[in-house]
Amino acid sequence: MNTTTRAGALAGRFEATFGAAPDGLWAAPGRVNLIGEHTDYNEGFVLPFAIDKRATTAVRLRNDSTIRLLSTVGDRGLVEADAAALTPGTVTGWAKYPLGVVWALRQSGIEVPGFELLLDSDVPLGAGLSSSHAIECAVVTALNELTGAGLSAEDMVTLTRHAENAFVGAPTGIMDQSASLRGASGHAVFLDCRDQSAELVPFPAQEAGLVLLVIDTKVAHSHADGGYASRRASCELGAGILGVTALRDVAVAGLEEASGLLDPVTFRRVRHIVTENDRVLQTVATLRSQGPARIGGLLDASHASMRDDFEISCPELDLAVDTARSHGAIGARMTGGGFGGSAIALTPVQDERQVRAAVVRAFAEAGFTAPDIFTVTPAAGAERLS
Ligand code: ADP
Ligand code: MG
């Protein structure tokens, strides 16, 4: 189904469910991080892009404070809540994402009334493509407009971060919502996580004869198992010993001195962050001067650093990356927080079929769950559809 048909079907289903047409439809995309992993909370650089898979919400404001939420995905049933009585930490299930946004808006003094909302999303859940932020960004974009709050994209980034951290309870940064809210077709979003400034960088993969394959390993990634928290702790420890505010302030040239001051594990964690920040800057410079066909080596180096220094890869991700590379991809890396989720492989169009087939075969031979493989293109950020 194309976007227009899908939007029309959603409006129809909204009316059939809630008895009146929606006030409008708003969409926000998931994201893929091209490069810059775990650099966000070290006040460093990331380079995500909005993808052509997104969450669409049909919304209609009510005259009371009742919120009614329904998703087309799965058999989740209707959720009801009171906009005026939301408490952090009390909501379970997917409703915590839209309700977190309502709570954060109200916290910042914006009167959000009740509303009806129907969600439709083709961002795969839990694959590291930020299906949860796609929901939050679609909801905040809709409510910003419907309430006349007049928030800028940057305001909405801050607000959804607050919703995630304080209401949902996930210790996430600003990358996902920045890509979703500030992305643009054919571009990646070069984001400085220290001052939140963002610049669009051309990423014309298609024009360069390349496709970006996402290989979803189906290995569940979870922030709850301690891996993420322990990496954050190592980074804080390293920054403390080196006497800097954040690892962003350590240059590649400073690594030799750092090696004498840090224990071997902390040093490797620090080296990943420092070199990864540098790779993001190099990727941005390369995209601007030479284009996407020349960034393969940086993607490969990023993966090696996450596998060996930061130790957040897993056998499925390594197999996806290695197989894609040996069958034609010009660069590949795991993307997202690690311990599962997806890998990306920048691949010449003519090698796409061969890479796909080789990865499927390699997973079967290793006895792994069959991966899901699809292409993404750098697409528009959050917007009103109708
Ligand atoms: P990711 O954001 O990487 O996809 P998360 O675990 O952060 O993974 O978010 C996935 C959660 O988002 C799901 O468990 C579900 O609660 C919610 N979600 C995402 N898409 C939908 C959808 N279409 N309908 C209902 N809930 C969804
Ligand atoms: Mg998420």
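Read the figures in this text as sums done on the coordinates, not as results from a lab. Just so it is clear, the model here is predicted, and its values are computed rather than measured. Please note: Cβ atoms are built from the backbone with ideal geometry, for glycine as well, and neighbour counts cover all protein chains shown.
Here are some notes:
- For VAL32, nonlocal amide neighbours, meaning residues 5 or more places apart or on other chains whose placed amide H falls under 5 Å from its own, are PHE49, ILE51.
- Expected-Rg normalisation [2.2 N^0.38 Å, Cα atoms] applied to the chain: 0.99
- Gain on full stretching of the segment that runs from ASN2 to GLU15 - 0.36 nm per residue minus C-alpha separation: 2.7 nm
- Crossing angle, helix 315-326 versus the chain [Cα axis fit, 0-90 degrees, rounded to tens]: 70 degrees
- Mean projected area of the convex hull spanned by the Cα atoms of region 203-376, taken over all viewing directions: 10.5 nm².
- Applying 1/(1 + (r/R0)^6) with r as the Cβ-Cβ distance of GLU236 and GLU199 and R0 = 25 angstrom yields a FRET efficiency of 0.35.
- Projected onto its three principal axes, the C-alpha set of region 277-386 covers 42, 40, 28 Å, listed from the longest axis down.
- Simple label model, 7 Å out from Cα along Cβ direction - THR369 to GLU257, nm: 4.7 nm
- Separation of alpha-carbon centers, region 71-114 and region 369-385, rounded to whole Å: 25 Å
- Nearest 10 degrees, 0 to 90: helix 264-289 Cα axis against the chain principal axis: 70 degrees
- The chain: relative contact order in percent, alpha carbon pairs under 8 Å with at least 6 residues between: 23 percent
- Region 144-181-region 191-213 distance, computed between alpha-carbon centres (Å): 21 Å
- Estimated FRET transfer efficiency when R0 is 25 angstrom, pair VAL360-LEU125 (beta carbons, to 0.05): 0.70
- Listed peptides 116-123, 27-34 appear in the order 27-34, 116-123 once ranked by packing, highest mean of other Cβ atoms within 10 Å at the front.
- Gaussian network model of the chain, Cα within-10 Å springs - most flexible of LEU262, LEU287, LEU129: LEU262
- Modelled this way, with points 7 Å down the Cα-to-C-beta line, the labels at ARG294 and GLU111 are 5.6 nm from one another.
- Crossing angle, helix 153-162 versus the chain [Cα axis fit, 0-90 degrees, rounded to tens]: 90 degrees
- Over region 147-192: Rg over Rh, Cα atoms, Kirkwood Rh: 1.01
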